[in-house]
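Participant: Here it is, the structure in full.
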Amino acid sequence: MTSAELVDCKNLVRGSFIDVETKSRHYRIECLGGNEFRISGHPHYCPDPVPAQLHGSLTEEGAFEQGLIGRGMRLMFLLNERRPVTTSRVLHVRVDQPEGVRSNSSPSIH
């Protein structure tokens, strides 16, 4: 698993996992390809993996960054095509890519 400051989710390969620790929760995100993900980590909305569309993150200044997850940002996603969620600030991001994909050569992980 690779620790990162910033992850560009649009370029992650199918089967990658992202662990996102926020101030109040720990989310586990599975990349299904494109903008499709499964996410778990919220005790009420997604205690078990559920379908989600990742929108991106809000920076500390309030700017929207499409498809990105980074430290200090607030992750934004949509659960089951109907429930928008914005997290507390991201403290740590870790990425686990499928075997054979070298994380240090990936343009998705910074």
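The values are calculated or read from the model by the stated rules, or taken from the named source; none is laboratory data. Computed from a prediction, not measured in an experiment: that's the story for all the values here. Ideal geometry is used to build each Cβ from the backbone, glycine not excepted, and the neighbour counts take in all protein chains shown.
Participant: Mind checking which residues of segment 46-91 are part of a strand (DSSP E or B), among the charged types (D, E, K, R) and surrounded by fewer than 15 Cβ atoms within 10 Å (Cβ to Cβ)?
Facilitator: Across segment 46-91, the qualifying residue is only Arg83.
Participant: Now for a different question. Residue pairs, Cβ under 9 Å, 6 or more apart or interchain, first in segment 11-33 and without any contact (Cβ under 8 Å) to a residue 60 or more places away in the chain and among the basic types (Lys, Arg), second surrounded by 14 or more Cβ atoms within 10 Å (Cβ to Cβ) and in a loop (DSSP other than H, G, I, E, B). List them.
Facilitator: Once the first residue is without any contact (Cβ under 8 Å) to a residue 60 or more places away in the chain and among the basic types (Lys, Arg) and sits in segment 11-33, its partners that are surrounded by 14 or more Cβ atoms within 10 Å (Cβ to Cβ) and in a loop (DSSP other than H, G, I, E, B) give Arg28/Gly41; Arg28/Pro49.
Participant: Would you be able to tell me the number of residues in segment 24-45 that are in a strand (DSSP E or B) and either more than 18 Å from Arg83 (Cβ to Cβ) or modelled with pLDDT of 90 or more (or both)?
Facilitator: Of the residues in that region, 13 qualify.
Participant: Here is a follow-up. Which one is modelled with the lowest pLDDT among residues in segment 1-12 that are within 14 Å of Gly72 (Cα to Cα) and surrounded by 14 or more Cβ atoms within 10 Å (Cβ to Cβ)?
Facilitator: Only one residue fits best here, namely Ala4.
Participant: Next up: Residues that are exposed (fewer than 13 other Cβ atoms within 10 Å of the Cβ) and either of a type in the set (D, E, K, R) or within 11 Å of the chain's Cα centre (by Cα) (or both): does segment 13-24 have at least one?
Facilitator: Yes; the residues of segment 13-24 include at least one that is exposed (fewer than 13 other Cβ atoms within 10 Å of the Cβ) and either of a type in the set (D, E, K, R) or within 11 Å of the chain's Cα centre (by Cα) (or both).
Participant: Looking at segment 55-70, which of its residues are out of contact with any Ser or Thr (no Cβ under 9 Å at 6 or more places or on another chain), more than 24 Å from Thr2 (Cα to Cα) and not aliphatic (A, V, I, L, M)?
Facilitator: Within segment 55-70, Glu61, Gly62 qualify.
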